[in-house]
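Take a look at the structure set out below.
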Amino acid sequence: MPVIPEPAKATPDLHVIGAGGHARVIVALAQAAGYRIAGIFDDQPANPALLLGHPVSGSVRDIPDSVDTWAVIAIGSNAVRERLAAQFRQVQWATLIHPAAWVAPDVVVGPGSVVMAGAVLQPGVRIGTHVIVNTLAGIDHDCRLDDYVHVAPGCRLAGNVHLETGVFAGVGCSFIPGVTVGPWAQLGAGAVITGALPGGVTAVGIPARPMRGR
Ligand SMILES: CC(=O)SCCNC(=O)CCNC(=O)[C@H](O)C(C)(C)COP(=O)(O)OP(=O)(O)OC[C@H]1O[C@@H](n2cnc3c(N)ncnc32)[C@H](O)[C@@H]1OP(=O)(O)O
């Protein structure tokens, strides 16, 4: 089994923060992983309709900040996940791994992080807190994804890639072995990352280059 924080009981009820499209994917993942949904919480739900049968139960402040509360932040924006995580001191952040993901036995996945269906995490991978490894992403041996990273569907990371805090990699990015991307950089869909990129840039293309003025 991968190294993930164990909930106090086998299937704790899960508070889901966020009510958008990403949240629907998280609800489906949580149910597949054996969680029951305690409620969906969003301060400004764009669509107050049911999420896979669950109503939006309230706003984020309605979630009890207690060691008995299990929750996940189901919002795609890395900066918003960071801001919301800082609002709680005691909540237990659930680590969700889809049963149809492959996670090697020694992989470490931090609290609040989610690994979607079809993702593959090979030996030596280290995943921080509140990270999203999205559908069909391939994270090869010894990669490090720091806190609040989002690797979008279909990204392919060769071995020893390091994505620092808050990096966003758009759909289908590819990384050659050993590259490092600095904190809060954004990588456009389909980019091929062949060398180090500094923090804060938005980079696109093959090979990926920072967009002018960004
Ligand atoms: C399950 C999920 O949905 S997870 C979410 C996954 N989301 C993604 O993968 C989104 C990835 N985002 C992108 O690729 C975006 O286009 C970004 C972040 C790179 C740039 O976004 P914006 O700042 O809005 O750029 P904008 O759309 O204005 O385009 C600016 C220019 O960059 C070009 N451009 C935009 N994205 C890319 C890209 N991925 N690769 C190459 N060129 C691009 C545009 O064609 C445009 O060129 P032009 O000035 O010659 O017309």
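Rule-based calculations on the coordinates, nothing more; no lab input. Quantities reported herein were computed from a predicted structural model and do not represent experimental measurements. So basically every Cβ, Gly included, is an ideal-geometry build from the backbone, and we count neighbours across all protein chains shown.
Rounded to the nearest 500 deg cm²/dmol, what is the calculated helix-only ellipticity per residue at 222 nm for the chain, with -39500 (n - 2.57) per DSSP H run of length n ≥ 4? After summing the helix terms and dividing by residue count, I get -2500 deg cm²/dmol.
Counted by neighbouring Cβ atoms within 10 Å, the residues Arg36, Arg212 run from fewest to most as Arg212, Arg36. Were the residues from Ser66 through Arg89 laid out at 0.36 nm apart, the gain over their Cα-Cα distance would be 7.5 nm. Built from the Cα atoms of the stretch 13-93, the convex hull projects on average onto 4.7 nm², one quarter of its surface area. Suppose R0 equals 35 Å. What FRET efficiency, 1/(1 + (r/R0)^6) with r the Cβ-Cβ distance, do Leu52 and Val192 give to the nearest 0.05? The formula returns an efficiency of 0.50 here. Once you reduce the stretch 130-206 and the stretch 33-47 to the center of their Cα atoms, the two points are 28 Å from each other.
Extension gain for the segment Arg212 to Ile176, taken as residue separation times 0.36 nm less the Cα-Cα distance, is 10.6 nm to one decimal. Computed on the chain, with alpha-carbon pairs under 8 angstrom and 6+ residues apart, the relative contact order is 12 percent.
Dividing the mean sequence gap of close Cα pairs (under 8 Å, 6+ apart) by how many residues the stretch 13-93 holds gives a relative contact order of 34 percent.
Using a Gaussian network model of the chain in which every pair of alpha carbons under 10 angstrom is joined by a spring, one finds that among Gly110, Gly159, Gly195 the greatest mean-square fluctuation is at Gly195. The HN-Hα couplings worked out from phi for the stretch 145-157 by the Karplus form 6.51 cos²θ - 1.76 cosθ + 1.60 (θ = phi - 60°) are 10, 6, 3, 6, 6, 10, 9, 6, x, x, 5, 10, 10 Hz, whole numbers, x standing for Gly and Pro.
Remark: Ser174, Ser57 ranked as Ser57, Ser174, counting other beta-carbon atoms within 10 Å and listing the fewest first. Among Ile127, Ile97, the ranking by other beta carbons within 10 Å of each residue's beta carbon, starting with the fewest, stands as Ile97, Ile127.
Compared with the rule-of-thumb size 2.2 N^0.38 Å for a compact globular protein, the chain has a Cα radius of gyration ratio of 0.99.
Here the stretch 50-153 was treated as a single set of alpha-carbon atoms; its pair distances binned every 10 Å from 0 give 15, 45, 30, 10, 0 percent. Helix 21-32 and the longest principal axis of the C-alpha atoms of the chain enclose an angle of approximately 70°.
If you stretched the chain out fully between Ala100 and Gln31, how much longer would it get, using 0.36 nm times the residue separation minus the C-alpha to C-alpha distance?
Working it through step by step, the gained length comes to 23.6 nm.
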